[in-house]
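Structure record follows, encoded as structure tokens.
Just so you know, all these numbers are worked out from the coordinates, no wet-lab data involved. Everything numeric here is computed off the predicted structure, so don't read it as measured data. Cβ coordinates were reconstructed from backbone atoms using ideal geometry, including for glycine residues, and neighbour counts include every protein chain displayed.
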Amino acid sequence: MLFLYVIVVIVAVLVLLFLAGMRIVRPTHRGLVETLGKYTKFAQPGFHWVIPIIQKLYLVNITEQMVNADPQVIITNDNLNATVDAQVYFRVKEDEESVKNSQYNAANYKFQIVNLARTTLRNIIGTLSLRSANSERGRINTDLHQTLEIETKRWGIDVMRTELKEIDPPKDVQETMNKVVKAENEKIAAIDFATAAETTADGIKRSEIKKAEGIRQAKILEAEGEAQAIKLVNEAAETYFKGNAQLLRKLQMTETALKNNAKIVIPSNTELINVIGEMAGVLPIDRR
């Protein structure tokens, strides 16, 4: 009976030891197993068992993380105070060496990344004017990223990207800058309006010139047509009515009478040719 009791106790102790030593590593983590304070094994995702008390498993997150470089006041190159804030996105590389470096080469890599980012921002923005700092955010992000990537390489860290959240000048400076920007926008708008008005006036001027040119050309053509007509009439008169000026005058008067839609009463026993001949010496009656 005592033997059975001892067996039960031993089994219970073994079960408790097994349960106490169970460790599960998720895909988002990697593990470092230390035996009596000495690194002995790299733990991949899955089930692991460590000897309680003697061994310990340290989990390291390998997913992308973000730290906020707390807002700080930086003096720019033109001696203005600017409140600057930034964010750093990074991850611990998943290979064994990088995971070890993140734990053994840096006491607290998150805290150190924040302070390194703050120091780097002071160095970068301190060489720029406030206007340049606001207009060159891309350059500041690039310089900050490159510096952090170099400095954290020995920690097994991969800096994914950096983002400059804000560069806020003092309130009075901000108001002055807003006024300057407003004035510049109004100046640009005035220039655009003047250019548009000039373009419109130029278009109207060209249109009037073309219109006048058309009228001039029409008058020239009309005068040329009349001159040509007069020439043809003169040539016809010289050819067919030479010495018969009175007959030509009668025909012209007849043409004028018919053109003005004069009404002619013709007797029934009169030839049309004789009537036209008689009309040649008569002016049409104005019936308006």
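For the pair Leu59 and Glu186, label points projected 7 Å from Cα toward Cβ lie 6.2 nm apart. Residue pairs exceeding 19 angstrom between C-alpha atoms, taken from Lys38/Lys93; Lys41/Lys153; Lys93/Lys153; Lys56/Lys100; Lys100/Lys153; Lys38/Lys110: Lys38/Lys93; Lys41/Lys153; Lys38/Lys110. Given their separation in residues at 0.36 nm each and the Cα-Cα distance between them, Thr119 and Glu97 gain 5.2 nm when the chain is fully extended. Take every Cα pair under 8 Å whose residues are at least 6 apart in sequence, average their separation, divide by the length of the range 2-61, and the relative contact order is 35 percent. If the segment from Leu80 to Lys153 were pulled out straight at 0.36 nm per residue, it would be longer than the present Cα-Cα gap by 22.9 nm.
For the range 65-169, taking the reciprocal of the average inverse distance between every pair of different Cα atoms yields a Kirkwood hydrodynamic radius of 14.0 Å.
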